[in-house]
Each structure stands twice: as C-alpha cells, then as structure tokens.
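Enquirer: Sharing a structure, written as structure tokens. Questions coming.
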Amino acid sequence: MFIVKCMYEDYDNDFCNFVVFNCAEAHTKFEQYGSAIKDATKAIEMDPKYSKGYYRRGAAYLAMGKFKEALKDFQHVLGLSK
C-alpha cells in the first residue's frame, strides 16, 4: 500500500507529503487526534517548511486541550507565511 510506503519508508516527495497530510486531516475529522498528530508530524519531518502540517498538528493539539503545543505550531505557521 502506498500510504504505508510513505509513512514508513524513506520516501521524500511532495505527493507522499500530500498523502500523509490528508491522513492527518481525516484523523482530525474522526476525532482521532493522537493519530492526526502522528501523521502531521510525519508530514513536517518530510518537509519542515510545509505549513499545513504545522496547522493540522496545531488543530489536533487544540482539540485535545494542549494549548501550549497548539500555540507553538500556529506560531510556526505564521513564521513560515512571512
């Protein structure tokens, strides 16, 4: 399965990042915030300048009541958008 290759093998391309990010978004919609954080973190590891990964992870942290972590990710998004 392609998603497994993106998650656990050393794939470094924009499409894998897009796939992993969308998994994080799906987990968020199903209120699976721990999984959303894991996938968003993987997307960030694949591309540290990928602002959507920080945003998605921040949203998951916020939903879990982890406000400091959420704020840190949202501030990172703002820094990348400058």
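Enquirer: Determine ³J(HN,Hα), in whole Hz, for all residues of the stretch 60-73 in sequence, where each value follows from phi through the Karplus function 6.51 cos²θ - 1.76 cosθ + 1.60 and θ = phi - 60°; x replaces Gly and Pro.
Expert: 5, 4, 4, 5, 8, x, 8, 5, 5, 5, 4, 4, 4, 5
Enquirer: Between residue 67 and residue 18, what length in nm is gained on full extension when 0.36 nm per residue of separation is reduced by their alpha carbon distance? Intermediate results must be reported in sequence, preceding the final value.
Expert: Values: separation 49, 0.36 × 49 = 17.64 nm, distance 2.57 nm.
Roughly 15.1 nm would be gained on extension.
Enquirer: If you average the sequence gap of Cα pairs under 8 Å that are 6 or more apart and divide by the length of the stretch 15-80, what percent do you get for the contact order?
Expert: 28
Enquirer: Computed FRET efficiency, Cβ-Cβ of residue 78 and residue 30, R0 30 Å: what is it to the nearest 0.05? Walk me through the numbers on the way to the answer.
Expert: Numbers: r = 27 Å, r/R0 = 0.91.
Step by step, r from the Cβ atoms, then E = 0.65.
Each reported figure results from applying straightforward, stated rules to the coordinates on display, with no laboratory input. Please read all numbers here as calculations on a predicted model, not as lab measurements. Note that we place each Cβ from the backbone using ideal geometry, even for glycine, and neighbour counts take in every protein chain shown.
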